[in-house]
Structure formats: C-alpha cells, structure tokens
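Asker: Sharing a structure below in structure tokens format, with a few things to ask.
The values are calculated or read from the model by the stated rules, or taken from the named source; none is laboratory data. Values in this document were obtained by computation on a predicted structure and should not be read as measured data. Don't worry about glycine lacking a Cβ; one is built from the backbone with ideal geometry, like all the others, and counts go over all protein chains shown.
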Amino acid sequence: MENNTQMENSQEPQRAVLFSITDDEAGRSLEELKLLCEAAGIEAVAVMTQKRSSVVAATYFGKGKVEELGDLIHGMEADVAVCDDELSGTQLRNLEDRLDSKVIDRTMLILDIFASRAISKEGKLQVELAQLTYRMPRLSGFGKSLSRLGGGIGTRGPGEKKLESDRRHIRRRIIDIKQALKEADENRQVQSSQRSKSELPKVALVGYTNAGKSAMANQIMRISDSAGMPVIEENKLFATLDAYSRRIDLGDGKVFLLVDTVGFVSKLPHALINAFRATLDEAKNADLLIHVIDASFEGYRFQIETVEKTLEEIGASANERIDVYNKIDIAGRPESWPASEALAVSALTGENIGLLLDEVSRRIFAGEIEARVLIPYSRGDIVSKLNEETAVINQEYLPEGTLITTKIKIADFNKYREYLHDSIG
C-alpha cells in the first residue's frame, strides 16, 4: 500500500489548457478556475478565450476557435481541456471528438475536488448524489472521457463504475442515496430541535472557500476557552465539506453554537447546492452570520459578491450579518477597509478576535433585563436551565426555594414571570 501511495504522489500533475467565453467577469473567473485546477492537482499551462455574446450550442466555441484550441492543446502537450462554464453532454462529446482530447468543465472539476475532500459518510453521499445528478443527462458525452487516459480528473467516485452503461442502476442509486440522506436529515432535525429547546443562539461562519473560516472557528474556541475538537483547517480550497458545530461559552451565561459551513465558490454547481441543502441550511437558520472575507486576496470584492449571491440563493441573504476582513497579518489595513477594528482580524494570530466576540455578544445577547426569580425546589430543572443559559449574578437558598438574580432576555422574560420575586431593571 505504501509503495502505491508513493507512486501516486510521485506522478506528474495533469497539464491543462483552460478555455472560456469572455465577459466582464471572465478574468476573475479564470483566475479562480486556475486555483480550482491547482486544488485538483492539475497544472494550468495555457488559457484560450473567445469573445462572443453567446456560446455555440454544439461546440461552445466557434468552429475556427475549436481548431485553434486543439492545436494549443497538442502544442502544449496538455492532458485535458477545462472549460470555465458548464457543458452539455452534446458539447462534451463534440469537443472531445474534434479536439481529440479529454474535456471537462468547471462543474465536473468542482465535483471532483469535493469527491477527494469528503470525509464523513454523509458528505460522501452528498457528493456522489451531486455527481450522479450532474452526469445522468450527460452520459452520452462521457464515453471517451471515462476511458481516455484511464482515469484522472472527472472520473473519481462513481465515474470509475462506468456510469454510462446502466441508467437504471444510476436511478436506483440516486433513490437509495436520497433515502439515506433523508434519514440523516431527519436525525439532524431531531438534534436541531433539541438545540432549539435549549434556546442557544446559533452563529454561522460563511464565506468564500479558503477565506479562513475554520481557522476562525478554532481561534474563537481558543480565545473563549471553549471545549471541543478543533475544526480541520488547511490552506486549500474546500478543506472541509461538513458543517461543524461547537459550543462557545463567553462567560456570564452567554453561550452560543458556532457553526462552520462549507465554503462558497462562484458558479457553484446547482447539483451541489441541492445535495448540500441540509448543510447550507445551517447558514439559513442561523441567528447571526459571520461573513469571513480573505482581505489578502486581490479580488476579494469578487468573492464578496459570490458569497452574497449564494446566500440569496439559499435564502439566507436577510440574516443579520457581520462582515469580517480576515488575514490582516498578511494584508495589513488598506484604506478601503472598514474603520472598525472589530471587523479587521487575523484568525492566524488571534488579533482582534476578542473584539469580534464582543460584537457577536452585543448582537445576539442584546435586550436583556436583570431580574430576581424565586424557583421552588420542586423545579430544579428551571434552576439548571437558568444557570446554563442566562448570566446568573447571585443565587440564594431560601425556605421557599432558590432565589436567583440573573439577566434574562426580554423575549424570554414571560417564561419566568410566574416566578418573579421582584424586577431590578
């Protein structure tokens, strides 16, 4: 096994020519495509673009440009051509015929990266469902792609099972996966319901992939001295695909759930959005979003726009949000950034994370009043609840019960009104 691994690691990366129809955002999108290739172990050796108002239905590029692309691919000794847009099955088949080369598109590339990153059973099922859903209407275009070069990018996971040979098998597999994911979602709903009963606010980290969300989560845990396993953090696109929840205790009874979600990317495949709907709902259902922005990246404004579009697509655009410019240890503080120090942080060094937590606390624990409640000894569950979820200032044991002075949210005040001893403010 070790020898096989060493052999795989010693293999040269596949060489790719990237191609795209140009528009106002083509340059930024192609730069992102290069990063995606790098994440998939592909070396981008050349780029070809064509300025057109629309794509050619049969071949994406025009006839002459397709011939130029073929010459470039063979001249650069490239292994694969990567399109920055999503191709139909017809376009895939026609391009491979005319280019005599393996062709993949942006969606296939992202799905391949996800296939290599998925760790949990549910994550792997979500990726496989996305791959199957994407490939089902394109099976006729995968014939050569799945056999050319004997594997590589675009053939991970179900691709290796020769999907084009049995549509009925694919449909059955999709049904099985959807059922398994439905059961997992039902279990998550039960857990979510239990968390709702505890009334802990939920704060979700969202942002472009590799913006530093996982590092942010770990730094918040360190600074708040909260227990829990660290979240996986690596300097690569889509390092984590699963949503991780951690209990963060700020002291004084201020406790919330911090959720680290999957990173966003422009032109995120609809198949992935649908497959990861349960994971993305963590952001939709959050009380507060922390939008982590990689301020060291030159095109961070493009990334901000991408995140905002994705939040709108998943129904989370109206959620209260804090925009946090991360990686100031690298980028410094350009004048274009917000003046507030609380919004310019370093997840690596921890700089200003404390100020960020102060802002989080202000947002989600606002509207509290100080009150004194007398809880009968027969209701020890309420005493425990108040100690776990409110900022208890003082606690006395009287003959009638436990007298607790604490800070209670105005929205929750009526729950304890019958035990009110006297209100202090």
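Asker: I'd like to check something: does region 34-46 contain any residue that is in a loop (DSSP other than H, G, I, E, B), over 30 Å from the mean Cα position of the chain (by Cα) and either at pLDDT 90 or above or among the small types (Gly, Ala, Ser) (or both)?
Answerer: No - not one qualifying residue is present in region 34-46.
Asker: Could you grab the pairs with beta carbons closer than 6 Å, sequence gap of 6+ or different chains, first residue in region 279-290 and in a helix (DSSP H, G or I), second one aliphatic (A, V, I, L, M) and at pLDDT 75 or above?
Answerer: If the second residue must be aliphatic (A, V, I, L, M) and at pLDDT 75 or above, the pairs left are Leu280/Ile314; Glu282/Ala204; Glu282/Val259; Ala283/Ala204; Ala283/Val206; Ala283/Ala316; Lys284/Ile314; Lys284/Ala316.
Asker: Moving on. Tell me, please, whether a residue that is under 19 Å from Leu33 (Cβ atoms) and surrounded by fewer than 23 Cβ atoms within 10 Å (Cβ to Cβ) can be found in region 125-139.
Answerer: Yes.
Asker: Consider region 211-256. How many of its residues are modelled with pLDDT of 75 or more, under 19 Å from Glu122 (Cβ atoms) and surrounded by fewer than 20 Cβ atoms within 10 Å (Cβ to Cβ)?
Answerer: The number of residues fulfilling the criteria is 1.
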